[in-house]
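Have a look at the structure below, then the notes.
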Amino acid sequence: MKIRRIVFNVHLYIGLAAGLFLVLSGLTGSMIVFREEIEALLHPELMETAVSGERVALQTVLNAAREAYPDDTIFSVRMPRTPEQTYLLKMNEPHGLFVYADPYSGKLLGAHRQEDTFMGWVALVHTELLIGEAGETILGVSALLLICMSITGFFLWWPPNGKGIGKLARGFKVGWSAPWKKVIFDLHRASGIYTIVFLLIIAFTGVSLVFNKAVVELTNFLTASVPRAAPPHSDPLGARGMIPPLDDLLHQADSILSGPTTWINLPQTPAAPLVVRKKMPEEFHPNGRSFIYFDQYTGGVLCTENALTAPSGTRIYNFFYPLHIGVAGGTFTRILQVIIGFSPLVLFVTGYLMWRNRTKAKAYSKSPRNLATSSTVLPRNK
């Protein structure tokens, strides 16, 4: 029982310390599961366009963006996933200025900073608490604590010393007709056991996204896999004064890997490559994890990375993000992910109410009036 008391205290104080961060992360995570669909409803003038003939050259769109925003640098380009979807150009950084363009006319449709839209703001809260790298680290540590809470919670849910295993079914039920304190206890216990597997998956995959280097090394070690090769570099000495036409490089990329192009990362430094990102049909990752690296000066292919033939450790790690956002099983798992995102709120509120009730009970038992009443010796009847 002493060990159980220690585990209980660990579970309690981790919940009080990290609970609000986990609630915030869970609720915002539920919202951004369908981020693209919600943004298309809220901002159809930016996200969608009428299909009209053939798409203009992407270079035309980039030239228009550079002319309209001369003080900004194009960081990356999201390619349309459907005939109606527009181009998204991210300027300066991944979370900087977002510029949208019609793929059929090349016309710029509008722009905004990520935090200026509701869903963009929600995404920033979910990934970095609006405070950058420090917020990302806080959320990563909170995910680690969620793993500890899940393990200690399961330990407390299991009958002590293996007794009463036949009554385990009670741990899955809520006695709604019982006194409200018992209902709160049952709700906390049942919610925890029903969601524990999903919470562990979300927590671990969240940790893998924040502390990716450590998780990659651990995954490679456990699978005895060779590390993923470092990205190649462009050779500034090979500069000819003319950047190869981007559309030509995209056609070349299509001849190398058949999957659709999802993103293009433009070089931000003299030694950086131009990266064309692709999604192979067998990949679960919504953006794909296949890459073709081009020398930004010559247009030569520096390296090709096919996610389907990558080392086993890399393939396993590539699966963590689809698991985290719930796309691995299609619409069903996305809806399930939305539901699971509310479980930290339920667990935190019920856990807090249980802690407050215990605190009040202890305070009452130690109050001077109660101590005086309990110490009074009543005379015996004669």
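Can you give me the Kirkwood hydrodynamic radius for segment 27-81, using every pair of distinct Cα atoms, in Å to one decimal?
13.9 Å
Of all the Cα-Cα pairs you can form in the chain, what percent are over 29 Å apart?
55 percent
Kindly state, to the nearest 0.05, the FRET efficiency for ALA271 paired with LYS167, given R0 = 56 Å and r defined as their beta-carbon distance.
After rounding to 0.05, the efficiency reads 0.30.
Ignoring ligands, DNA and RNA, how do THR82, THR28 rank by accessible area with a 1.4 Å probe, largest first?
THR82, THR28
According to a simple spin-label model (label point 7 Å from Cα along Cα-to-Cβ), what is the distance in nm between ALA229 and ALA50?
Taking the simple label geometry, ALA50 and ALA229 are separated by 4.7 nm.
Here are some pairs, LYS107/LYS279; LYS90/LYS278; LYS167/LYS362; LYS181/LYS362; LYS107/LYS278; LYS173/LYS362; which of them have Cα atoms lying more than 22 Å apart in this structure?
From the list (LYS107/LYS279; LYS90/LYS278; LYS167/LYS362; LYS181/LYS362; LYS107/LYS278; LYS173/LYS362), the Cα-Cα distance tops 22 Å for LYS107/LYS279; LYS167/LYS362; LYS107/LYS278; LYS173/LYS362.
GNM on the chain, C-alpha springs below 10 Å: top fluctuator among LEU108, LEU12, LEU41?
Result for the chain, Cα springs under 10 Å: LEU41 fluctuates most.
Which Rg and Dmax, in Å, describe the Cα atoms of segment 133-241?
Spelled out, the Cα radius of gyration and Dmax of segment 133-241 are 22.6, 80 Å.
Would you kindly state how much longer the chain becomes between TRP180 and ALA17 on full extension, computed as 0.36 nm times their sequence separation minus their alpha carbon distance, in nm to one decimal?
56.2 nm
Might you tell me the accessible area per residue for the chain, computed with a 1.4 Å probe and given in Å²?
56 Å²
How are the alpha carbon pair distances in segment 1-103 distributed across 10 Å bins from zero to the largest one, expressed in percent?
Binned Cα distances yield the sequence 13, 29, 22, 12, 11, 9, 4, 0.
Please report the accessible area of TYR13 (heavy atoms, 1.4 Å probe, ligands and nucleic acids excluded) in Å², nearest 10.
Result for TYR13: roughly 130 Å² accessible.
Round to a whole number: what % of the accessible area of the chain belongs to carbon and sulfur, probe 1.4 Å?
65 percent
Taking Cα centroids, how far is segment 47-95 from segment 252-296 in Å?
16 Å
For segment 209-286, what is the convex hull volume of its Cα atoms per residue in Å³?
With only Cα atoms used, segment 209-286 gives 149 Å³ per residue.
Please report the accessible area of GLU48 (heavy atoms, 1.4 Å probe, ligands and nucleic acids excluded) in Å², nearest 10.
Here the residue's solvent-accessible area equals roughly 100 Å².
Between ASN9 and PHE118, what is 0.36 nm times their sequence separation minus the Cα-Cα distance? Round to one decimal in nm.
35.4 nm is the gain from fully extending ASN9 to PHE118.
For the chain, what is the mean residue ellipticity at 222 nm derived from helices alone (per DSSP H run of n ≥ 4: -39500 (n - 2.57); sum divided by total residues; nearest 500 deg cm²/dmol)?
When only DSSP H runs of four or more count, the value is -17000 deg cm²/dmol.
Arrange the residues MET79, MET354 by how much accessible surface each exposes, largest first, with a 1.4 angstrom probe.
MET354, MET79
Determine, at each q value in 0.13 (inverse angstroms), the log₁₀ of I(q)/I(0) that the Debye formula gives when each Cα of segment 68-168 is one equal point scatterer.
Result of the Debye calculation: -0.65.
Just ALA361, ALA214, ALA190 to compare: in a GNM of the chain, with alpha carbon springs under 10 Å, which one fluctuates most?
Evaluated over the chain, the most mobile residue of the options is ALA361.
How much accessible surface does PHE284 have with a 1.4 Å probe, in Å² rounded to 10?
For PHE284, solvent-accessible area is about 110 Å².
Order TRP121, TRP176, TRP263, most accessible first, counting only protein heavy atoms with a 1.4 angstrom probe.
In descending accessible area the options line up as TRP176, TRP121, TRP263.
The values are calculated or read from the model by the stated rules, or taken from the named source; none is laboratory data. Bear in mind that the values here come from a model prediction, so they are computed numbers and not experimental data. FYI the Cβ positions are ideal-geometry reconstructions off the backbone, even for glycines, and counts take in every protein chain you see. Please note that ligands, DNA and RNA were not included when accessible areas were found on the heavy atoms of the full protein model with its side chains. Shrake-Rupley method; radii C 1.70, N 1.55, O 1.52, S 1.80 Å.
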